[in-house]
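Values in this text are rule-based calculations from the coordinates and carry no lab data. On a predicted model such as this, the values are computed, not experimentally measured, just so you know. Glycine gets a Cβ as well: all are built from the backbone with ideal geometry, and neighbour counts include every protein chain shown.
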Amino acid sequence: MTPTAPITSKSNARVKALRASFSGKASQPGDLLGIEGEHLIAEAIRSGLTLETLFIREGSESVLDRPSLSGLEANSTLTLTRDVFASAVETASPQGIAATILLRAPEAHPPQTSRLQPDSIVLILESLQDPGNLGTLIRSTEAFGAQQIFVTPDTVNQWNPKVVRASAGSVFRVPIVRAPLQQIAAQLTPQGTAIYAAVAQQLNSTSLLDTHLAPTCALLIGNEGAGLSADALALAHHRIRIPCAVESLNAAVAGSTLLYEAMRQRSESQRRRLKTQPQRAESQRTQQPPTEAVP
């Protein structure tokens, strides 16, 4: 990439665009989203995203030589003086590299088919407000092999810069569908998806330790303060609680725990099936009558 003369004005149009991209307002296809730091930019590249503009802090050009950024391409590259760069990005300790990307239309993300894959795990989030919680749950969704996330319209914007950072780049790859609860249930229930509502320590719920999660299941997490609404609870087929020494857990901790347990149970079931297949084959072979020799 050919270095450019550093931009020295904080009111430069491209600098203003970078600053605006970190405002948290980006949500629609074609909006500019700002990302900052080597890791997030590397994750964007790994996710097949195109960088619109790459911004380098003067004196930090060597960051481009790092292996994680090999193959880095952008439609344009600009150098900013240290004070101009610091004025445009959101973090208190900038890493010297930032970029803008265009949000893609939903169909450009991994397929969000109306039909779930067999043995799928999905996450449903109702009215989640904390960006850190949403970002963590997006990361956990990818880490534990869930297929996608559904969020209600009043859930925090998944393109909020704090969500993007907390997701550590998983937001670029995890399909997220924003829809009312009734619409989400109308899509999942006819496919035989069992919906499990995570609740606090209540008598009318089943401990996660005693719950055998259905192969295709949806895990429902509510608002940080209010929990799940009555409408959400009415849509659930089961109510489960995570046994612990406190009344309730942080939404991100609860959701991540459920996602892990769903993955663990699914993996255990797969191991049992693989283990019994050779035994069945051997049993069938030994039960076959011996072949008589032809005189």
Could you compute the longest span of the chain free of GluC sites (Glu not before Pro) located in DSSP loops and having at most 14 other Cβ atoms within 10 Å, not counting the site residues? 74-246
Which whole-number percent gives the relative contact order of the range 13-108, counting Cα pairs below 8 Å spaced six or more residues apart? 46 percent
Any idea which of Ala20, Thr53, Ser68 is furthest toward the positive side of the dipole for the range 13-108, if Lys and Arg beta-carbons carry +1 and Asp and Glu beta-carbons -1? Ala20
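Over all distinct Cα pairs, what is the inverse of the mean 1/r for the range 13-108, reported as the Kirkwood hydrodynamic radius in Å? Don't skip to the end; give the middle numbers.
Details: mean 1/r = 0.0747 Å⁻¹.
When all Cα pairs of the range 13-108 are included, the Kirkwood radius is 13.4 Å.
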Cα centroid separation - the range 194-244 against the range 30-95, whole Å: 41 Å
Report the relative contact order of the range 121-269, percent, no decimals, based on alpha-carbon pairs under 8 angstrom and at least 6 residues apart. 29 percent
I need the Kirkwood Rh of the chain: take the reciprocal of the average 1/r across all distinct C-alpha pairs and report it in angstrom. 21.6 Å
Would you calculate the volume per residue, in Å³, of the smallest convex hull containing every Cα atom of the range 121-269? 103 Å³
